[in-house]
Every structure is written in C-alpha cells, then in structure tokens.
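The structure under discussion appears below in the form of structure tokens.
Values quoted throughout were computed directly from the atomic coordinates according to the rules given, and no laboratory measurement underlies them. Keep in mind that what you see is a predicted model, and the values were worked out from it rather than measured. Ideal geometry is used to build each Cβ from the backbone, glycine not excepted, and the neighbour counts take in all protein chains shown.
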Amino acid sequence: MVAYHRSSALHAYVLAVSAVGLCLVVLFAVTNGPAIIRDQPPLFWVLLVSLVVIESLPIRSKATGGTQEATTAEAFAFAILLGWGTQAATLALALAVLVSDLLRRAAPEKVLFNVGQYSLLMAVAGGVYEVLGGDRPFGGQDLPAFAVAALVYFVGNLVLVGLVTTLAHKRDFVADLKECVRAEAWPYAMVFGMAPIMLVVGERSIGLFPFLLLPMFAVRDALRTAEEADEHRIAAEQAAEEARAVAAEKALLAETQHALVERLRESDRLKDDLLAAVSHELRTPLAGMLGALATLSAREGQLTDPQRQELIDMAARQGERLKVQIEQLLLAARLDHSGHEAAERSVVDAAVLTRQAVAAARAAYPARQLVLEASEVLPVRAIPEAILQVLGNLLDNAAKHAPDRAPIRVEARREGPLAVLAVEDTGPGVPPADRERIFERFTQLDSGATRRAGGVGLGLYIARQLANAQGGELLMTDPAPTRQGARFELRLPMAELAFRRPG
C-alpha cells in the first residue's frame, strides 16, 4: 500500500470519492441487485468468478512512496458491462475489489476508497456506453460506444489515482499523467480489447472460454512489462535526481573552495599592501628623524642655536608623525580583531565635540583656515573620544589634501532625526567610482596630493569603523553646487529619537 502524507485536501478528496462510489453501489444493489442475481446464465458467473480471482492477483510495482498495483480484471468487468449492463458490471467490480482488498488485509480507508473509486469509474463508463447507444446483445455497431467507454474508464482511473499521488507527494500532476498514458495506453488497450471477444466467444460456446485465458496471460505479461518499465523509469529519475544533487553539491563545494582561494588571495594582497605601506610610509618619517639626529651628531660644534633647534623640531615632528601612523595601525588591528568598541555610550553634545575637534585642528595646522558652523545643541549617544577621533581623521585628511590657503568648512547641524557633522574641503575631490573604495584598508588614490600627504591609508577606514560603532554612518557626499572638493558627513541618530521606547 502506498504511504500517503496526511493533509486536509487529501482527506477530503478520499472521503468524497469513497462516498460517491459507495452511494452508487448501494443504490444499484437496492434497486436492481436481486434481479441481477436471479436467473443469470453460467457465462455471467464464470466472468464474475474470473473477475474476483484476477483482481485478487494484482501485478505489483514500486512507485513514489510505496507500491502500486495493476490487474487485467477490467476485461472481465467490461465483458459483464457489454452483456448485462452498467449496474451488473458496477456491482461485480465492487465485489471483486472488496474481496481482493480483504484478502490482502488492506486498511479500511483504502478498502472504502478502492471500492468507491472503481465503482464510480465503472458507473460513469457504463453510463457513457449507454448514452452513446450501446445495446444488448452486443454487436459490431456497438464498438464505437465501447471504445469511448473504455477510454473514459482508462483516463478516469489515471486522473483519480494521479490526484491522490499529487496531494500526497506534491508531484507534478500533468507530467505524471502524460507519462502514465505513454506507458500504459497500449497494454490497457489490449485488456479492454479482450472484453468483447470473451463475451462473444463465451456466448457462442462456454467451453471455449478457458482458451481465452491464454491470451489474457499474454496481456498480463505485457502489462507487467509496462509496470516494470515504469518502475525502471522511476528508479532512473531517482538516480538522475541523486546525480543532480551530487553535481550541485560538488559545484557548491567548488564554488566554496574558489571563494576561499579568492579570500586567501585577497588576504595575501592586503598583507602585501600592508608591508608596502609600512615599509614606504613609516620609512619616510623615520628617515627624516634619523637624518636630523645624524646631522646634530655630526655637526654639533658647527651649528648655530637656531639651526640646532630647527633640527630638533624636525626630528620631533617626524617622530610625532611616526607615532600617529603606528597608532593608526594598532587601532585598525584592534577593530579588525574585536569589532566595534564595547564601551558604554552616554548622551553628549555633538556640536561641542565638533568645536573641540576644530580647536585641535587649528592648533595642529595653524596656517589653515577652518570655518565652523555649529549653532544648536545636538544630543547624541556616543563615546566622545570616538567622535573626536572620527572628526580628527576627517580634518587631517582635509588639511593634507586641500590647497594650502583654501578654507576647510566644518558644519554641525540637525537634519530630521539625525545629527550631521560635515567636513568639506576644496581639494581635487574623489571620483564617484572611488567613493566607497577610499574607506577600505590601505587605500590611497593615485593622485599627487594623496601621495604628497603620505599616510598608510587607514584614516578613513578607522573613521568609518568608529562611526558604525556609535550607531551612525560615515559617507562621502557631493559638496555644495557652487563648490568643489570632497565632503564627508558623519551622521548620528539624535539621542531622544534613537532611544525612545516604542509606544
């Protein structure tokens, strides 16, 4: 028996088919059952017994979810239809199915469904035969009506069984129906074709009837071959599906390996970039510092006090520059290793922090003109040192890349639910295609200003990581329409909106 997955749709379908078929059986038995039993010729009982026996010896084959069964009993049922009418054929087939299922100890639900299904099919097929003019005794003029009735029974059987498979196993109903028609049409044509032959030969001489069983065995073998072919088809489909699954798994594995190789290559590239940046950029301030100290040492007695002080100041500046670059490398490594800062954020005024950052930049770059616009209170929840670090990196970036006497504009204002802290310069700007790339580690654009400014390409990367850690974002936007250069905006949620309890 096929193992079905229970569902409300399947249960309702099985119940409906069983109810309709059983109602027809009861109706036929009550209205005409005694008349069918009385005074029947020996041929009727031979056909009925043969129907019950053949139905009890089905041909079994594997199918989706279990096994399916097929018989050649329809030939005897249709012989009874042609000789004694729809009601006799329906009751005979219902009896044969009932006996067969009881002998196999089928589940009660399956017994009721099978009896109802085949009784319904035979009743419909017999009704079609009679509507199309089929008559008794059977003659050559009744062959077209018989052919249509057999076709209705065959297709109806495939549809009823296919709906069970579709509802139970979520298969493609149309595809399964086409495949069953292709595999079973010819064997079942032979089964149905034996019905009028058995009736005509049996009516002529019942003694010849046993000889008709010989071609029935041939038809049975043909049907078995069709079932085995269908079984092989199912096995081939399963093997093909397994092969596709294995191929897909191999493809996924290959893709994963390829992605891993690419990541390793990217890691190697980043390491190479790091080594190149460290070896080139750290060497520059170190060389300047060592050169100044070497000059002091070699020409100690030949230098004037101003010359000596200038060399000391140069060494101090280069040492400070080296310190800043090493701190950036350490901070970037810490962010990569442990993610965002986990310190407790408190409510601070972003405008005040902006003023502090601008004051520090004026001290570091006294020759630079910094224009600040910050006139309102901007409460945000953040770590003050992180905001100062972001603004400091942006101001350092602007001071290094903008023309010497060009002003650097700094804004702190509110835009809806956000506090926007912006740093805008009038330098060469950044091409649109590179506006995201500049936030990557060790990225330095190949412009003269960038190379002149030096650095290891970590300032904007660190600034974005710190901005994300504060619940904000750092991005590059277009400057005002009348200006040119680069504009960076740090956007932070306002404290009273970002931490408001849901209503």
Working out 0.36 nm times the residue gap between ALA360 and ARG38, then minus their Cα-Cα distance, what length gain in nm do you get to one decimal? 104.3 nm
Taking H placed 1.01 Å from N in the peptide plane, check which residues at least 5 places from LEU418 or on another chain put their amide H under 5 Å from its amide H. MET494
Taking H placed 1.01 Å from N in the peptide plane, check which residues at least 5 places from ILE408 or on another chain put their amide H under 5 Å from its amide H. GLN369, LEU370, VAL371
Pull out a ≥ b ≥ c, the square roots of the eigenvalues of the alpha-carbon gyration tensor of segment 13-54, then state rounded if a/c is under 1.5, prolate if not and a/b is larger than b/c, and oblate in the remaining case. oblate
Starting from the 7 Å offset along Cα-to-Cβ, what nm value, one decimal, do you get for the label separation of PHE173 and CYS23? 2.1
Subtracting the Cα-Cα distance of GLU415 and GLN307 from 0.36 nm times their residue separation yields 33.7 nm
Diffing segment 431-438: the Karplus 3J(HN,Hα) column from phi (6.51, -1.76, 1.60, θ = phi - 60°), in whole Hz with x for Gly and Pro, holds x, x, 5, 9, 5, 9, 5, 5
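In debye to the nearest 20, how big a dipole does segment 376-431 give about its Cα centre with +1 on each Lys and Arg Cβ and -1 on each Asp and Glu Cβ? Write down the numbers at each step before the final one.
Values: 6 positive and 8 negative charges, 13 e Å.
Dipole magnitude for segment 376-431 comes out near 60 debye.
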Under the Karplus relation with 6.51, -1.76 and 1.60 and θ = phi - 60°, whole-Hz ³J(HN,Hα) for segment 184-201, x at Gly and Pro, equal 10, 4, 5, x, 6, 4, 5, 4, 5, x, 6, 4, x, 5, 4, 5, 5, 5
Theoretical gain in end-to-end length, ALA240 to LEU151 [0.36 nm per residue, Cα-Cα removed]: 28.8 nm
How big is segment 83-145 in terms of Cα radius of gyration and Dmax, in angstroms? 14.1, 43
